[in-house]
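Trainee: Pasting in a structure now, in structure tokens, and then I'll have a few things to ask.
Taken together, the values in this text are just the output of simple stated rules run on the coordinates, not laboratory data. Keep in mind that this is a model prediction, so the values were computed, not measured. No Cβ is skipped: glycine too gets one built from the backbone with ideal geometry, and neighbour counts run over all protein chains shown.
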Amino acid sequence: MNYLFKALNDETRRQILELLKDKDRTAGEIADAFNISKPSISHHLDILKRADLVSSEKNGQFITYSINTTILEDVLQWIITLKK
């Protein structure tokens, strides 16, 4: 769970999740939405993958990323149990 909170602690990573909320995107499409280097985007995507917030699938020379809402549902459920 530490990876999850570390991943969500960064504004760029939260913006990437917002992008993926609408549809799956390639790494290039994600990078095009930001004014930072592609290696920096790759680093952010790696952190999101380690936190299991996104998954990736290689399609030829492209990697497509999608959001993993299951982990978010698990965290929300855990937070709700803390409130009880």
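Trainee: Yes or no: region 73-83 includes at least one residue that is in contact with a His (Cβ under 8 Å, 6 or more places away or on another chain) and not charged (D, E, K, R).
Mentor: Scanning region 73-83, I find no residue that is in contact with a His (Cβ under 8 Å, 6 or more places away or on another chain) and not charged (D, E, K, R), so the answer is no.
Trainee: Still on this structure: Just give me the residues in region 1-46 being in a loop (DSSP other than H, G, I, E, B) and either touching a residue at least 12 places away in the same chain (Cβ under 8 Å) or surrounded by 12 or more Cβ atoms within 10 Å (Cβ to Cβ) (or both), in sequence order.
Mentor: Correct list: M1, D10, D24, A33, F34, I36.
Trainee: Now, a different point. Report, by residue number, each residue of region 47-68 that is part of a helix (DSSP H, G or I) and either exposed (fewer than 13 other Cβ atoms within 10 Å of the Cβ) or of a type in the set (A, V, I, L, M, F, W, C) (or both).
Mentor: Result: I47, L48.
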